[in-house]
Amino acid sequence: MTLGGKRILLIISGGIAAYKSLDLIRRLRDRGAAVRPVMTSGAQEFVTSLAVGALAADHVFTDLFSRQDEQDVGHIRLARDCDLVLIAPATADLLAKMANGLADDLASTVLLATDRPVVAAPAMNPRMWAHPATRRNIEFLRRDGIRFVGPMAGEMAESREAGLGRMAEPLDIVAAVETLLDEGPKPLLGRKAIVTSGPTHEPIDPVRYIANRSSGRQGHAIAAALAALGADVTLVSGPVTIADPVGVRTLHVERADEMRDAVLSALPADIAVMVAAVADWRVASAADQKIKKHPGESIPTLALTENPDILRTVGHHTLRPKLVVGFAAETEHVESNARAKLERKGADLIVANDVSSATGIMGGTRNTVKIIGHDGIEQWPEMDKNEVATRLASLIADRLRQE
């Protein structure tokens, strides 16, 4: 969708990620949105109000006690005269103020006064994000209806540290805004969906693991597309570096057995889309300490055992969803292998793709899939993974409508 005619109140708080707000403004305006910026004093230390105002083509609001802006109770007007409030970046400090109802500057006062949807894109040091106080604040805000996009994993700008804390990329934030403001039909309203995404990491020792090459992009996009059609979506995600989709309940897991348990805990559901590239095997007994190599010693042997088959478990479960969709990542005999998987796993549809090294699909942004069903095969052209997700969500809605 586009954002034509939508009014976005963008709150920029003080962090190095504030520089991304400049690109974010441009992306929002490219899609037709009107952007009205509010900057905290900290934000003005990182980017200038001149640059923000020039890109937004609007006045930049900075001061709660501005005579000019507050003569008609400007903070109340800002809080209501918009379709959505977007905070990017959202610092630990501002999130703490929101969670505790503090209002000591323009940004926090607007947030306390608004009755519009609020989306926050957190950005902070990984230790700050992981701190118990921040975790409590996030949970409070989620219960209050605040939607989050990100943070992402990666290296921090201000240090050599890496971890979860980077602000989501502008295009991911824009996609989240589009999803929340989507006024299209909701054919999946009242339906419950479970989606799995990403890889699993099966430990060999404290520093090594067995995994598949999966970015989680396709699974996350499908979760977002189902939510956009009105579904109540639970996403069970393995370790990925991309942001959680907005409007989706996301459960983070590491191992295949954790993913199975999370999926089963989310039943009953109407829809299950098992996209995750779950490792087929794990080490039978992971080492407690790092396995060291020593000159002259033989290479250690890893005894493997089979991981739980999550798709088959769901496909044959007593609480089996009405529609079960699996994914088949194949490097040869794509159709025949996918057909066999359809029958063996108890699925209704298999989304099959060729992930041989020549295609670059795993970890990439585009996909070419075949939809294998009991009634035939449908070949889809190569498209962006978001387009695949949108088309698959529509197909799922059509199937359920024909019940």
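The values are calculated or read from the model by the stated rules, or taken from the named source; none is laboratory data. Bear in mind that the values here come from a model prediction, so they are computed numbers and not experimental data. Quick reminder, even Gly has a Cβ in these numbers, built from the backbone with ideal geometry, and neighbours come from all protein chains shown.
Some values worked out for this structure:
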quantity: Yes/no for residue 115 being surrounded by fewer than 17 Cβ atoms within 10 Å (Cβ to Cβ) and over 21 Å from residue 16 (Cα atoms); calculated: yes
quantity: Condition met for residue 208 (outside the structural domain of residue 326 (by TED's automatic domain parsing) and under 29 Å from residue 257 (Cα atoms)); calculated: no
quantity: Residue among 372, 396, 377 that is more than 18 Å from residue 225 (Cβ to Cβ), crowded, with 21+ Cβ neighbours inside 10 Å and at pLDDT 90 or above; calculated: 372
quantity: Flag if residue 32 is surrounded by 17 or more Cβ atoms within 10 Å (Cβ to Cβ), touching a Ser or Thr at 6+ places or on another chain (Cβ under 6 Å), outside any helix (DSSP H, G or I) and outside the structural domain of residue 391 (by TED's automatic domain parsing); calculated: no
quantity: Selection within segment 279-323 - free of Cβ contacts under 8 Å to residues at least 60 places away in the same chain and of a type in the set (D, E, K, R); calculated: 280, 292, 293, 297, 306, 309, 312, 320
quantity: Condition met for residue 310 (at pLDDT below 95, of a type in the set (A, V, I, L, M, F, W, C), crowded, with 17+ Cβ neighbours inside 10 Å and over 30 Å from residue 173 (Cβ atoms)); calculated: no
quantity: First in segment 159-172 and more than 10 Å from residue 125 (Cβ to Cβ), second anywhere and modelled with pLDDT of 90 or more and part of a strand (DSSP E or B), Cβ under 6 Å, 6 or more apart; calculated: 167/89; 167/121; 168/121
quantity: Options 118, 174, 110: the member that is among the aliphatic types (A, V, I, L, M) and within 22 Å of residue 393 (Cα to Cα); calculated: 174
quantity: Any chance residue 230 is touching a helix residue (DSSP H, G or I) at 6+ places or on another chain (Cβ under 7 Å), in a loop (DSSP other than H, G, I, E, B), under 16 Å from residue 189 (Cβ atoms) and in contact (Cβ under 8 Å) with a residue 12 or more places away in the chain; calculated: no
quantity: Residue among 51, 18 that alone is assigned by TED's automatic domain parsing to the domain that holds residue 170, touching a Phe, Trp or Tyr at 6+ places or on another chain (Cβ under 6 Å) and in a helix (DSSP H, G or I); calculated: 18
quantity: Only one of 269, 276, 256 that is touching a residue at least 24 places away in the same chain (Cβ under 8 Å), under 30 Å from the mean Cα position of the chain (by Cα), more than 20 Å from residue 198 (Cα to Cα) and crowded, with 17+ Cβ neighbours inside 10 Å; calculated: 269
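To keep it simple, each residue is scored yes or no on (1) at pLDDT below 95; (2) under 30 Å from residue 174 (Cβ atoms); (3) not assigned by TED's automatic domain parsing to the domain that holds residue 205.
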| residue | (1), (2), (3) |
| --- | --- |
| 240 | yes, yes, no |
| 267 | no, no, no |
| 301 | yes, no, no |
| 304 | yes, no, no |
| 314 | no, no, no |
